[in-house]
Amino acid sequence: MTDKAEWEGRVGRTWAAEWQRTDRSFAALTERLLGAATGAAIAQALDIGCGAGEVSLALARANPDAQVVGVDVSNELLAAARVRGADLPNIAFELGDAARWTRAGFAPDLLVSRHGVMFFPDPVAAFTHLARLAAAGARLAFTCFRDPTENAWASGLTALLPSGLGAPPPPGEPGPFAFADKARVKRILAEAGWRDAAFEAIDFPYVAGGGDDPVEDALSYFLAIGPAARAAAQMENGERAQFIERVRAFLHDHLEDGRVALQAGAWLFTAHAPDG
Ligand SMILES: C[S@@+](CC[C@H](N)C(=O)[O-])C[C@H]1O[C@@H](n2cnc3c(N)ncnc32)[C@H](O)[C@@H]1O
């Protein structure tokens, strides 16, 4: 499980230090999300769980007349986002729980999120709040992971763990795979008042390593972020060293054309807020 408290603390700090590599890993997916999010004029846009701001920044640059707000619970991630957005007058990054956050005069006609909506303890309540916050008929577009079995970066690494470590969390528990079940997500959106929910499966290369030594780059990335990092931190030295060797060999098997890329599968969900 990864919950709000972890994002406010340890996990948020790690992601803030690693935003270049997380943006790289999601690059192909980001393009698809932005493709779904743009197309119609935007006056105000909200990036839910904006992290270090990649999606907010892209929206603000592409829509200079729009006001873009990114909301997140991690101070460290927001600090990174603010540095990146310092030259953009139409962007703001605010600390807040997106399940409750409001801002006077702000009723977004676009709500977007790259993997920032799977951590609400009560997703129906959170999406109900977001529907109320949104302008009438506003567009919603977000991505989330499909099942771990369709994400080699997760299932491939957890398969290398010593037995007993890295068991998948119960389905639906807040965390990276909480929205893997598309029928559940459709139910959440419908109960929260969103209409026309639609989804698309997107397969993309999760680029974990590049540069001079792509395997070592990917290894250090996975020892910082994700299921392997969490499990490795709990291991004794000898066990950890053996695990790292197995991960290194696994990553080497996925080295191609100067990069380590692992298969990843996401949903891209779209919906509309009530007409008012
Ligand atoms: C997987 S990260 C994605 C970050 C960013 N959207 C990106 O693509 O780089 C999930 C983000 O959701 C944020 N988050 C988790 N729970 C939240 C909540 N209740 N309200 C706002 N942000 C939240 C985390 O702090 C984290 O930045």
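The values are calculated or read from the model by the stated rules, or taken from the named source; none is laboratory data. Nothing here was measured: the structure is a model prediction, and the numbers come from that model. Cβ atoms come from the backbone with ideal geometry, glycine included; neighbour counts cover every protein chain shown.
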Exercise for the section: State whether the residues of segment 71-78 include one that is in contact (Cβ under 8 Å) with a residue 12 or more places away in the chain and either assigned to a strand (DSSP E or B) or at positive phi (or both). Expected result: yes
Completion exercise
Here the residues within segment 39-69 that are among the charged types (D, E, K, R) and surrounded by fewer than 24 Cβ atoms within 10 Å (Cβ to Cβ) are Glu54, Arg61, Asp65
Exercise for the section: Starting from segment 44-62, take each residue that is within 16 Å of Val117 (Cα to Cα) and among the β-branched types (Val, Ile, Thr) and list its partners that are assigned to a helix (DSSP H, G or I) and within 8 Å of the ligand (Cβ to nearest atom), counting only C-beta distances under 6 angstrom and pairs at least six apart or across chains. Expected result: none
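Okay, residues lined up against (1) buried (at least 16 other Cβ atoms within 10 Å of the Cβ); (2) within 16 Å of the ligand (Cβ to nearest atom); (3) outside any loop (DSSP other than H, G, I, E, B):
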position: Pro174; (1), (2), (3): yes, yes, no
position: Ala180; (1), (2), (3): yes, yes, no
position: Lys186; (1), (2), (3): yes, no, yes
position: Ala197; (1), (2), (3): yes, no, yes
position: Ala201; (1), (2), (3): no, no, yes
position: Asp217; (1), (2), (3): yes, no, yes
Handout entry: Count of segment 108-151 residues which are within 16 Å of Leu29 (Cα to Cα) and within 12 Å of the ligand (Cβ to nearest atom)
Key = 10
Exercise for the section: Check Thr102 against each of (1) closer than 25 Å to Ala45 by Cβ; (2) polar (S, T, N, Q); (3) surrounded by 15 or more Cβ atoms within 10 Å (Cβ to Cβ) and name the one condition it does not meet. Expected result: (3)
Practice task
Would you tally the residues in segment 138-177 being among the aliphatic types (A, V, I, L, M) and at pLDDT 95 or above?
Solution key: 3
Problem - Residue that is nearest to the ligand (Cβ to nearest atom) [pool: residues in segment 88-103 that are among the hydrophobic types (A, V, I, L, M, F, W, C) and within 16 Å of Ala66 (Cα to Cα)] - result: Phe93
Completion exercise
Note on Glu31: of the conditions (1) charged (D, E, K, R); (2) more than 10 Å from the ligand (Cβ to nearest atom); (3) within 13 Å of the chain's Cα centre (by Cα), unmet is (3)
Problem - Matching residues, segment 221-241, being assigned to a helix (DSSP H, G or I) and surrounded by 14 or more Cβ atoms within 10 Å (Cβ to Cβ) - result: Tyr221, Phe222, Pro227, Ala228, Ala229, Arg230, Ala231, Ala232, Glu239, Arg240
Handout entry: Selected residue (only one of Asp65, Asp72, Asp47 is more than 17 Å from the chain's Cα centre (by Cα), of a type outside the set (Gly, Ala, Ser) and modelled with pLDDT of 95 or more)
Key = Asp65
Exercise for the section: Would you confirm whether any residue within segment 210-228 is hydrophobic (A, V, I, L, M, F, W, C), closer than 30 Å to Ala135 by Cβ and in contact (Cβ under 8 Å) with a residue 12 or more places away in the chain? Expected result: no
Practice task
Output the qualifying pairs, or none if there are none: Cβ atoms under 6 angstrom, residues six or more apart or on different chains, first residue in segment 13-39 and free of Cβ contacts under 8 Å to residues at least 40 places away in the same chain, second residue aliphatic (A, V, I, L, M) and crowded, with 17+ Cβ neighbours inside 10 Å.
Solution key: Leu34/Ala58
Practice task
Quick one: Val83 ticks every box in (1) out of contact with any helix residue (DSSP H, G or I) (no Cβ under 8 Å at 6 or more places or on another chain); (2) closer than 20 Å to Gly175 by Cα; (3) more than 11 Å from the ligand (Cβ to nearest atom) except a single one, so which number is it?
Solution key: (2)
